[in-house]
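Structure first, then comments.
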Amino acid sequence: MAVKTRELKLDIERVGTVSAILTQPDKARACYVLAHGAGADMRHSFMAKVAAGLADRGLATFRFNFPYMEEKKGRPDQPAVAHATVRAAVAEAARLCPGMTLVAGGKSFGGRMTSQAQSKAPLPEVKGLAFLGFPLHAAKKPSSERAEHLAGIAIPMLFLQGTRDELADLGHLRPVIASLGAKATLHEVEGGDHSFAVLKRSGRTNDEALTEVLDTLAAWINSLA
């Protein structure tokens with residue numbers, strides 16, 4: 001399967017310009033707008049592996065940097081800036097991938113900012129949200145306050161979570177998912193941490209755990225397409 005990778009610039013109204021990457025296999029039916037986590041940019045190995053893995057499964061991805069990461073600042077952007085960036089990325093992905101089903105979300109902070117943007121005003125043409133490790137709370141501070149806005153989202157949501165994720169205690173996350181009803185799906189990656197890495201004694205490798213994540217994500221996206 002031929003795959004095209006395009007380096008792009010994304011203009012964000014009243015904010016500035018950031019880098020972006022479109023990874024697009026031939027005859028892709030859907031595009032995942034993939035936002036990075038708080039501590040690593042769109043080129044991090046995890047992000048690259050997700051883009052390559054989805055391309056192998058016939059799905060396009062649109063990755064982008066948040067402004068603070070583009071400018072190499074330590075502290076993440078204010079929510080309003082992050083939300084504007086997500087909206088610009090979704091609009092550009094829709095323009096570049098006409099006719100494809102759009103799904104948005106991402107890793108940790110990026111997924112949470114995408115969900116907040118969706119809760120404030122639906123992201124045009126986005127049919128679902130997929131979270132690669134939703135950061136429900138700070139480490140060692142179990143809570144579900146960061147999930148309160150999810151109740152205002154009407155489109156399907158997929159939560160991919162490692163059972164060792166220190167930012168999403170399953171005792172708090174499972175009730176949140178249950179409260180959202182049929183629109184929310186939780187897939188637990190046994191032994192995975194916040195980035196789905198597993199312990200050696202688990203009997204499987206990190207690559208095998210990531211394959212589970214990608215297979216689940218691709219099947220869910222295809223179900224929407």
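Can you tell me which of LEU54, LEU34, LEU199 moves the most in a GNM of the chain? Springs connect C-alpha atoms under 10 Å apart.
Taking springs between Cα atoms under 10 Å, the residue moving most is LEU199.
Using a Gaussian network for the chain with springs between C-alpha atoms less than 10 Å apart, which of these wobbles most: ARG87, ARG43, ARG63?
ARG43
Under a point spin-label approximation (7 Å from Cα along Cα-to-Cβ), what is the HIS187-ARG201 distance to one decimal in nm?
The answer from the label model is 2.8 nm.
Need one number: nm distance between label points at ASN222 and LYS27, each 7 Å from Cα along Cα→Cβ, rounded to one decimal.
So the label points at ASN222 and LYS27 sit 1.3 nm apart.
Quick one: if the Förster radius is 25 Å, what FRET efficiency do GLU7 and LYS72 give, using the C-beta to C-beta distance and rounding to 0.05?
Numbers: r = 18 Å, r/R0 = 0.72.
That pair, GLU7 with LYS72, gives E of 0.90.
If you take the square roots of the eigenvalues of the alpha-carbon gyration tensor of segment 151-225 and sort them as a ≥ b ≥ c, do you get rounded (a/c under 1.5), prolate (a/b over b/c) or oblate?
Numbers: a/c = 3.21, a/b = 1.42, b/c = 2.26.
Oblate, since a/c reaches 1.5 and b/c is not below a/b.
Comparing GLY58, GLY16, GLY191, which has the greatest mean-square fluctuation in the GNM of the chain with Cα pairs linked when under 10 Å apart?
GLY16
So how much slack lies between ALA38 and SER143, counting 0.36 nm per residue of separation and subtracting their Cα-Cα distance, in nm? Write down the numbers at each step before the final one.
Working: separation 105, 0.36 × 105 = 37.80 nm, distance 1.92 nm.
Additional length available on full extension: 35.9 nm.
Whole number in Å², please: accessible area per residue of segment 75-215, 1.4 Å probe, ligands, DNA and RNA not counted. Write out the running numbers ahead of the final one.
Values: 6300 Å² over 141 residues.
Ligands and nucleic acids excluded, the result is 45 Å² per residue.
May I ask what percent, to the nearest 5, of DSSP beta bridges between residues of the chain are antiparallel?
Numbers: 14 of 41 bridges.
So the antiparallel bridges amount to about 35 percent of the total.
Please compare each pair in LYS49/LYS72; LYS49/LYS200; LYS49/LYS140; LYS140/LYS183; LYS27/LYS73; LYS107/LYS140 to a cut-off of 31 Å on the Cα-Cα distance and tell me which ones are over it. Could the numbers behind the result be given before it?
Working: LYS49/LYS72 22 Å; LYS49/LYS200 20 Å; LYS49/LYS140 28 Å; LYS140/LYS183 28 Å; LYS27/LYS73 38 Å; LYS107/LYS140 19 Å.
The answer is LYS27/LYS73.
Can you tell me what percent of all Cα-Cα pairs in the chain are more than 34 Å apart? Don't skip to the end; give the middle numbers.
Details: 1775 of 25200 pairs.
Counting pairs separated by more than 34 Å, the tail of P(r) holds 7 percent.
Return the sequence-ordered ³J(HN,Hα) values of segment 192-208 in whole Hz as given by the Karplus equation 6.51 cos²θ - 1.76 cosθ + 1.60 applied to θ = phi - 60°, using x for Gly and Pro.
Each residue of segment 192-208 in turn: x, 8, 5, 10, 6, 6, 10, 6, 4, 6, 6, x, 9, 9, 4, 5, 5 Hz.
Output the peptides 65-71, 203-209, 22-28, 101-107 sorted from most to least packed, where packing is the average of other Cβ atoms within 10 Å over each peptide's residues.
On the way: 65-71: 20.1, 203-209: 13.4, 22-28: 17.7, 101-107: 26.1.
Per-residue Cβ counts within 10 Å, averaged per peptide and sorted highest first, yield 101-107, 65-71, 22-28, 203-209.
Near TYR32, within a Cβ-to-Cβ distance under 15 Å, what is the net charge of the other residues, with Lys and Arg +1 and Asp and Glu -1? Working shown, then result.
Working: positive: ARG29, LYS49, ARG57, ARG63, LYS107, LYS127; negative: ASP56, GLU92, GLU125, ASP215.
Result for the neighbourhood of TYR32: +2.
What percent of all Cα-Cα pairs in segment 90-175 falls in each 10 Å bin, counting up from 0?
18, 49, 24, 8, 0
How charged is the neighbourhood of LEU96? Take every other residue with its Cβ under 14 Å from the Cβ of LEU96, and add Lys/Arg as +1 and Asp/Glu as -1. Before the final figure, lay out the partial values.
Numbers: positive: LYS4, ARG6, LYS9, ARG63, ARG95; negative: GLU7, ASP11, GLU92, GLU125.
So the surrounding residues net to +1.
Using the alpha carbons of segment 1-115, what is the convex hull volume per residue in cubic angstrom, as a whole number?
Numbers: hull volume 9.9 nm³, N = 115.
Given the Cα convex hull of segment 1-115, per-residue volume reads 86 Å³.
Enumerate the calculated ³J(HN,Hα) couplings along segment 49-56 in order (Karplus 6.51 cos²θ - 1.76 cosθ + 1.60, θ = phi - 60°), each rounded to whole Hz, writing x wherever the residue is Gly or Pro.
5, 5, 4, 5, x, 5, 4, 4
With every protein chain left in place, what is the accessible area per residue of segment 1-52 in square angstrom, probe 1.4 Å? Walk me through the intermediate numbers first.
Details: 2750 Å² over 52 residues.
I get 53 Å² per residue for segment 1-52.
Show that you can apply the helix-only estimate: for the chain, add -39,500 (n - 2.57) for every DSSP H stretch of four or more residues, divide by all residues, and state [θ] at 222 nm to the nearest 500. Let's see the in-between values first.
On the way: 6 runs with 76 residues, N = 225.
That calculation yields -10500 deg cm²/dmol at 222 nm.
The values are calculated or read from the model by the stated rules, or taken from the named source; none is laboratory data. All of these numbers come straight from a predicted model, not from anything done at the bench. Counting neighbours? That spans all protein chains shown, and the Cβs are built from the backbone with ideal geometry, glycine included. In case anyone asks, the SASA skips ligands and DNA or RNA and just uses the protein heavy atoms, side chains included. Shrake-Rupley method; radii C 1.70, N 1.55, O 1.52, S 1.80 Å.
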